[in-house]
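Each reported figure results from applying straightforward, stated rules to the coordinates on display, with no laboratory input. Model, not experiment: these values are computed from the prediction. Cβ sites come from the backbone with ideal geometry, for glycine too, and all protein chains shown count toward neighbours.
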Amino acid sequence: MYGVGSDFWLKLVLLIIILVVLNFVFSAVMRRRLRVEKRKFFSYNHVNILHSKVDWSIRITFMVVMIVGAFYNVTRLPAESLWYLEAWFVLFVFLVITESVQAIFEWKYATNRKDYMYTLSQLSFNVILIIAVFSTDFLWLG
């Protein structure tokens, strides 16, 4: 059978709610435990100008890699596409690298020395969550 099942959207919304709640609870617990300020949602938390420049160069590099990888994989047969140029893998590596750079700059330059531990704990939790979701067939909802 092709297409999506009749309960696809319900399962997708349920999965997103589960992931958001897990991330919110973990973030709240870690912020309280490490005594770290709450960050704005979807904002750039640059520590200084150098961090801003490094972050934007990483973002631009990954955008170029995604575009080149998409064009490269589209021109090949589906069985011959390169997995490390697929969008999901490039985005996963982008997440790990940007959060690692964030933690390094917080460790070196931030006023609150525990900010980097919060960033690393968030990164670790999100990586574990992503691996768990994909390895369990989307938390057994797929």
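If you go through the stretch 34-46 and pick out every residue that is more than 12 Å from ASN112 (Cβ to Cβ) and out of contact with any helix residue (DSSP H, G or I) (no Cβ under 9 Å at 6 or more places or on another chain), you end up with 4. Scoring MET66 on the criteria (1) under 30 Å from THR111 (Cβ atoms); (2) surrounded by 10 or more Cβ atoms within 10 Å (Cβ to Cβ) leaves a single failure, condition (1). As for the stretch 83-100, it holds at least one residue that is of a type in the set (Ser, Thr, Tyr) and touching a residue at least 24 places away in the same chain (Cβ under 8 Å).
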